[in-house]
Amino acid sequence: MQRKSFGKMACPIARSLERVGEWWSILIIRDALHGFTRFDEFQQSLNIAPNMLSRRLSALVDAGLLERRRYSERPPRDEYILTEMGRDFRPVIVAMFAWGNRHFAPEGASVLLVDKKTKAVADPTASQRTRRRYEVIRQKQIAAQPSSRPLRRRKRRVG
């Protein structure tokens, strides 16, 4: 079965999934945000097959989320550094762990957002939980722009 490409779709979510829609890619970016840069660090953290890790790292480099830098000539070794685009994925990672902690962690949160200076636990969704913010968000909708095909809503059947 051939993989479908989302790269030319007008939807920004589909275009984003084209770059990071495979679970290993998201976990690699998570680890890179934690400071991992070397192949063996990613492999040890993820317990991923070397050939799969090589493909995922190359795909993330090609997509512009990571930059490959040579740190050793003999033997040739590269490190993988987050680009600005890769660092901009951080809020998505934070939102995913907050969602996962809330809905899929009956044993309790395994990852927390903490203040760098005080180490106090911070709520990554706090700004969206205030009543006013929630009401403002509820009053908004996703709207297609002229550059995209019109988004269509499902019509409800009456009767």
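For the range 60-76, putting each phi into the Karplus relation 6.51 cos²θ - 1.76 cosθ + 1.60 with θ = phi - 60° gives couplings of 5, 5, 4, 7, x, 8, 10, 10, 8, 10, 6, 10, 8, 8, 10, x, x Hz, in residue order, rounded to whole numbers and with x for Gly and Pro. The local environment of SER72, defined by Cβ-Cβ distances under 11 Å, has a net charge of +2 under the rule Lys, Arg +1 and Asp, Glu -1. Amide H to amide H distances under 5 Å link THR83 with LEU66, GLU67, where only residues 5 or more positions off or on other chains count and H is placed in the peptide plane. Under 5 Å between amide hydrogens, built in the peptide plane, is the criterion, and for ASP78 it picks out TYR71 among residues at least 5 positions away or on other chains.
For the peptides 109-122, 25-38, the ranking by packing is 25-38, 109-122, with the highest mean count of neighbouring Cβ atoms within 10 Å listed first. On the basis of the beta-carbon distance and an R0 of 41 Å, SER5 and SER45 show a calculated FRET efficiency of 0.90. A simple count of charges around ARG19, restricted to other residues whose Cβ falls under 12 Å of its Cβ and scoring Lys, Arg +1 and Asp, Glu -1, yields -2. Based on Cα contacts under 8 Å between residues 6+ apart, the range 1-83 shows a relative contact order of 24 percent. Taken one residue at a time, the phi angles of the range 20-25 give Karplus couplings (6.51, -1.76, 1.60, θ = phi - 60°) of 10, x, 9, 4, 4, 4 Hz. Gly and Pro are set to x.
Once both labels are positioned 7 Å from their Cα atoms along Cα-to-Cβ, the gap between ASP115 and HIS34 label points is 2.5 nm. The listed peptides 39-49, 56-66, ordered by packing as a protection proxy, come out as 56-66, 39-49 (highest mean of other Cβ atoms within 10 Å first). Between ALA122 and LEU113, VAL114, ASP115, the built amide H atoms are under 5 Å apart, and every one of these is 5 or more places off in sequence or on another chain.
Where a number appears in this text, it was derived from the coordinates with a stated rule and is not lab data. Predicted model only: the values in this text are computed from it and were never measured. Ideal geometry is used to build each Cβ from the backbone, glycine not excepted, and the neighbour counts take in all protein chains shown.
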